[in-house]
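To keep things clear, I will list the structure first and then write my remarks on it.
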Amino acid sequence: MNPQQAPASPAGKRPAPPCTLVIFGAGGDLTKRLLMPALYNLAVDSLLDDGMKIIGVNHGARETSEWRDDLHKSLEQFAADKASTFHAGKLDDQAWDWVAQRLEYMAGEFETDDTFAQIKQKLEQTPGGNVIFYLAVSSRFFEPIVERLGNAGLLKEGDVGGFRRLVIEKPFGSDLASARDLNAHILSFAKETQVYRIDHFLGKDTVQSILAVRFANALFEPIWRREYIDSVQITASETIGVEGRGKFYEQTGAFRDMVPNHLFQLLGMVAMEPPNSFDAEAVRDRKAEIFDAIKPLTPDDVVFGQYEKGPAGVGYREEPDVAPDSTTETYAAARVFVENWRWAGVPFYLRTGKRLAGRRTEISVQLKPVPFRLFRDTPVDALTPNVLTLRIDPAHGTSFDFNVKTPGPVMQIGAVQSSFDYGDFFAERANVGYETLLYDCMLGDETLFQRADSIETSWCAVDDVLHPESGGAMPVHGYPAGSEGPAEADALLARGGHAWRPLQRDVVEKK
């Protein structure tokens with residue numbers, strides 16, 4: 001690959017149009033760990049235009065060459081780390097050189113008008129007029145940055161077709177009121193079509209494949225409804241703790257961090273009605289219908305937990321930057337009902353947590369049991385539920401639990417599992433989940449980004465949990481580090497005759 005010019009794009013794919021990507025927070029962890037690896041991978045796939053330019057804005061003076069070297073060193077470390085999401089092995093030097101030549105560092109304060117005057121001057125020297133402003137910064141900077149971009153005229157789109165787009169990371173608000181305020185502030189300076197609220201979960205191939213599994217296979221869609229489905233479990237569990245992010249976690253907690261965004265997004269993809277097309281608005285309309293149909297959660301529908309000292313390590317309160325009497329939850333479980341024709345009466349059980357017994361992000365769809373009468377005179381005393389599991393992380397694939405007759409003269413039923421793993425059919429590729437999102441943003445495809453109405457509807461569904469009408473805080477139950485979670489979460493499911501899928505279990509997975 002010539003470092004001056006990218007080769008032709010793969011068949012069936014078109015490179016993004018030329019644009020300038022302005023990254024606020026160029027020295028931050030998000031830029032190093034996710035944005036730059038994603039841009040590198042897009043360059044490897046020849047999906048970036050030769051006219052691409054990347055301006056990194058951050059506090060503190062430094063030379064562009066120093067910033068480039070720092071990013072290059074970080075990329076090499078991540079590529080060599082097999083535990084990293086960017087495990088590319090050895091970097092392609094030509095691909096990196098192509099990206100590096102398009103990097104420019106600019107020192108600037110996010111709340112100073114002079115910074116935005118300098119950006120405007122730089123962009124006037126950039127042909128094409130296409131600009132993406134990426135806010136890879138703390139949420140407290142969202143409003144001041146957007147306001148100064150608007151006041152400087154940097155969000156005004158030209159008459160000749162040049163676009164101006166805003167990419168905003170979560171957390172998008174901390175409750176319904178703050179989300180509404182943030183949306184109102186942003187939309188006073190930019191149009192909704194310019195705003196790309198990003199959720200990196202939606203950039204994962206295995207998450208996007210939920211729609212393919214549902215709508216590209218006649219086997220599943222006919223039974224994807226209350227008449228056949230007993231319950232759905234959505235899990236995002238981690239074995240690690242807060243990993244030095246105590247200050248952030250103390251302000252956020254597991255529920256705000258994961259439930260009204262990541263887990264609701266997965267719920268939306270599982271529960272949505274078939275769209276008429278994969279047009280962005282068609283898909284987002286269907287997901288918005290689901291969020292609007294969620295029965296508002298009450299404190300009785302939710303369990304909070306906090307890890308204590310256990311087999312996996314120290315307790316949360318012993319972590320750096322955590323208050324010794326902290327009541328912040330590191331685990332959250334919820335029972336959710338979607339009040340529409342397809343899903344009436346079907347419980348969706350959501351759980352997320354840190355320092356749990358296993359690391360897995362997955363969706364398990366349990367079918368209703370068959371009538372037991374046929375097996376009444378046989379030694380069968382229980383039938384294994386039929387469960388379709390969509391495995392998102394760390395194993396990528398699908399498994400299905402069902403029953404067969406065991407060998408022998410007696411009618412004896414045995415539980416078996418059929419499994420598909422992506423690695424058996426497709427070449428493994430380094431992917432951090434931001435490649436598709438960045439590429440789609442450059443193309444103007446908003447399918448995988450959240451609209452203002454969906455953000456607010458999601459917060460509305462959980463607002464009574466965050467602000468209980470009784471005025472009392474949600475109780476937080478302890479659980480040993482390395483366990484399955486608090487016993488109260490088990491009781492939440494037991495009330496409906498259900499049980500959590502074990503986080504540690506034997507499944508056919510590629511290691």
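Worth pointing out:
- Peptides 398-411, 203-216, 322-335, 252-265 ranked from most to least packed give 252-265, 322-335, 203-216, 398-411, packing being the mean of other C-beta atoms within 10 angstrom over each peptide's residues.
- Whole-percent pair-distance distribution, where bins are 5 Å wide, for the alpha carbons of the range 201-270: 3, 12, 18, 21, 17, 12, 7, 5, 4, 1
- Looking at the range 208-275, the accessible area is 36 square angstrom per residue; that uses a 1.4 Å probe and ignores ligands, DNA and RNA.
- D (Stokes-Einstein, µm²/s), Kirkwood Cα radius, the range 342-469, 0.890 mPa s at 25 °C: 125
- The alpha-carbon atoms of the range 140-196, seen along their principal axes, cover 39, 19, 16 angstrom, with the largest extent given first.
- Estimated from helical segments only, the mean residue ellipticity of the chain at 222 nm is -9000 deg cm²/dmol, where each DSSP H run of four or more residues counts as -39500 (n - 2.57).
- Kirkwood hydrodynamic radius of the range 67-188, from inverse mean 1/r over distinct Cα pairs, in Å: 17.0
- Rg to Rh, two decimals, where the range 41-136 supplies the alpha carbon set and Rh follows Kirkwood: 1.00
- Label assignment, Cα Rg over 2.2 N^0.38 Å derived from the structure, set (i) 0.99; (ii) 0.94; (iii) 1.03: (iii)
- For the range 428-458 versus the range 184-215, the spacing of their alpha-carbon centroids is 4 Å.
- Cα-based Rg of the range 262-303 normalised by 2.2 N^0.38 Å, two decimals: 1.33
- Loop-resident sites, the range 165-268, for GluC sites (Glu not before Pro), counting at most 11 other Cβ within 10 Å (DSSP): 227, 243
- The P(r) of the range 206-342 has a tail past 23 Å containing 46 percent of all C-alpha pairs.
- Taking only protein heavy atoms and a 1.4 Å probe, the accessible area of the chain is 51% carbon and sulfur.
The values are calculated or read from the model by the stated rules, or taken from the named source; none is laboratory data. Values in this document were obtained by computation on a predicted structure and should not be read as measured data. Positions of Cβ are backbone-derived with ideal geometry, glycine not excepted, and every protein chain shown enters the neighbour counts. SASA here: full protein model, heavy atoms, side chains in, ligands and nucleic acids out. Shrake-Rupley method; radii C 1.70, N 1.55, O 1.52, S 1.80 Å.
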